[in-house]
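Since the structure comes first, as structure tokens, the remarks are kept for the end.
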Amino acid sequence: MIFDVLTLFPEMFVSPLQESILARAIKQGLFEVRAHNLRSWAEGKHLTTDDTPYGGGDGMVMKPEPIAKAITELKQQAPTAKVLLMTPQGVPFRQQHARELAHEENLIFLCGRYEGFDERVRQTLVDAEFSIGDFVLTGGELPAMVMIDAICRHLPGVLGSSSSAETDSFVDGLLEYPQYTRPAVFNGMAVPDVLLSGDHGRIANWRREQQLLRTLQRRPELLEKVLLTEQDEKVLDLLRHKLKT
Ligand SMILES: COc1ccccc1CNc1ccc(C(N)=O)cn1
């Protein structure tokens with residue numbers, strides 16, 4: 001997988017990729033991130049990439065020409081590449097998108113600054129617009145890095161054998177069960193006995209129940225979209241009853 005990032009601040013894509021899992025995966029050649037400075041495609045003495053908005057108003061808008069030139073050039077090398085735009089007006093980015101996008105050979109991220117992009121960029125050059133949450137940031141770079149991280153976890157070999165993206169929270173649509181590790185007692189708080197029992201069936205049931213409880217308590221709306229077994233429904237009824245009392 002090759003990620004091309006179009007940004008005014010390519011340096012923002014250096015250190016997050018020099019650490020840990022992502023750095024190791026890059027070293028293993030599992031993926032590559034190429035950050036390009038949009039200014040390389042800008043014209044004129046000052047290499048301008050933004051300008052004042054037609055119709056007046058605050059702030060600046062990113063000019064369409066440098067972006068169009070950059071995308072055209074990148075797509076010459078990767079004609080099937082999808083162009084993704086990071087914007088507060090985008091589709092809410094979800095785990096399912098991360099899983100799907102991991103199957104692409106090449107993705108091009110377009111990171112905006114200022115008040116965003118000239119509308120003609122969206123209309124003609126962009127395949128999909130994503131938002132990582134309902135808040136406004138100073139630029140699209142951090143959202144792009146967040147998406148790259150989430151997508152890379154689904155690339156074969158990135159997570160290594162010890163854990164898999166398939167058992168993530170949200171994969172089965174439920175929140176994660178609580179995790180414990182040594183010591184068995186910490187500040188007087190013991191690990192639940194079931195986890196020390198060695199009874200894997202009981203442990204699996206307990207974990208599923210904890211997922212249902214946690215999802216019911218924190219994100220009940222997710223339960224509408226989850227495929228629940230008969231057993232799940234029974235457990236949920238019990239939990240709902242308990243939470244009422
Ligand atoms: C005023 O900023 C913009 C306006 C329009 C487009 C891009 C930007 C850059 N900022 C962004 C980008 C993405 C997100 C998000 N929620 O994913 C938040 N902020």
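The values are calculated or read from the model by the stated rules, or taken from the named source; none is laboratory data. What you see is a predicted model, and the numbers here were worked out from it, not measured in a lab. We place every Cβ from the backbone using ideal geometry, glycine too, and count neighbours over all the protein chains shown. We work out accessible area using only protein heavy atoms, side chains counted, and drop any ligands, DNA or RNA first. Shrake-Rupley method; radii C 1.70, N 1.55, O 1.52, S 1.80 Å.
Six or more apart or on different chains, Cβ atoms under 8 Å: show the pairs whose first residue is in the range 131-159 and at negative phi and away from the ligand (no atom under 14 Å from the Cβ) and whose second is in a loop (DSSP other than H, G, I, E, B) and open to solvent by 70 Å² or more (accessible area, probe 1.4 Å).
Leu159/Arg153
Given the conditions (1) within 30 Å of Glu166 (Cβ to Cβ); (2) at pLDDT 95 or above; (3) surrounded by 12 or more Cβ atoms within 10 Å (Cβ to Cβ), and given that Ala70 satisfies all but one, which numbered condition is not satisfied?
If we test Ala70 against (1) within 30 Å of Glu166 (Cβ to Cβ); (2) at pLDDT 95 or above; (3) surrounded by 12 or more Cβ atoms within 10 Å (Cβ to Cβ), just (1) comes out false.
State whether the residues of the range 91-106 include one that is in a strand (DSSP E or B) and crowded, with 20+ Cβ neighbours inside 10 Å.
No; the residues of the range 91-106 include none that is in a strand (DSSP E or B) and crowded, with 20+ Cβ neighbours inside 10 Å.
Only one of (1) at pLDDT 95 or above; (2) touching an Asp or Glu at 6+ places or on another chain (Cβ under 8 Å) is not met by Val226, so which one is it?
(1)
Looking at Phe135, Phe130 in this structure, which one is among the aromatic types (Phe, Trp, Tyr) and touching a Ser or Thr at 6+ places or on another chain (Cβ under 9 Å)?
Phe130
Across the range 16-47, which residue is farthest from the chain's Cα centre (by Cα) among those that are basic (Lys, Arg) and not in a loop (DSSP other than H, G, I, E, B)?
Taking the candidates together, the pick is Arg39.
Output the number of residues of the range 64-87 satisfying the condition of being over 14 Å from the mean Cα position of the chain (by Cα) and assigned to a strand (DSSP E or B).
2
Among the numbered criteria (1) within 16 Å of the ligand (Cβ to nearest atom); (2) at positive phi, which one does Pro66 miss?
Result: Pro66 fails condition (2) only.
Quickly run through the range 113-130 and pick out the residues that are within 9 Å of the ligand (Cβ to nearest atom) and modelled with pLDDT under 95.
Within the range 113-130, Arg113, Tyr114, Glu115, Gly116, Phe117 meet the criteria.
Can you tell me how many residues within the range 208-245 are within 19 Å of Gln95 (Cβ to Cβ) and either open to solvent by 50 Å² or more (accessible area, probe 1.4 Å) or over 30 Å from the mean Cα position of the chain (by Cα) (or both)?
The number of residues fulfilling the criteria is 9.
For residues in the range 15-63 being among the basic types (Lys, Arg) and in contact with an Asp or Glu (Cβ under 6 Å, 6 or more places away or on another chain), which is farthest from Cys152 (Cα to Cα)?
Lys63
Looking only at the range 108-125, how many residues end up being open to solvent by 20 Å² or more (accessible area, probe 1.4 Å), over 17 Å from His36 (Cα atoms) and assigned to a loop (DSSP other than H, G, I, E, B)?
Selection size over the range 108-125: 3.
Just checking, does the range 145-152 include any residue being within 17 Å of the chain's Cα centre (by Cα) and surrounded by fewer than 17 Cβ atoms within 10 Å (Cβ to Cβ)?
The answer is yes; a qualifying residue exists.
Go through the range 71-104 and report how many residues are charged (D, E, K, R) and touching a strand residue (DSSP E or B) at 6+ places or on another chain (Cβ under 7 Å).
2
Which of the residues spanning the range 77-100 are within 11 Å of the ligand (Cβ to nearest atom) and either farther than 16 Å from Ile151 by Cβ or modelled with pLDDT under 95 (or both)?
Once the filter is applied, which keeps residues that are within 11 Å of the ligand (Cβ to nearest atom) and either farther than 16 Å from Ile151 by Cβ or modelled with pLDDT under 95 (or both), the range 77-100 yields Thr87, Pro88, Gln89.
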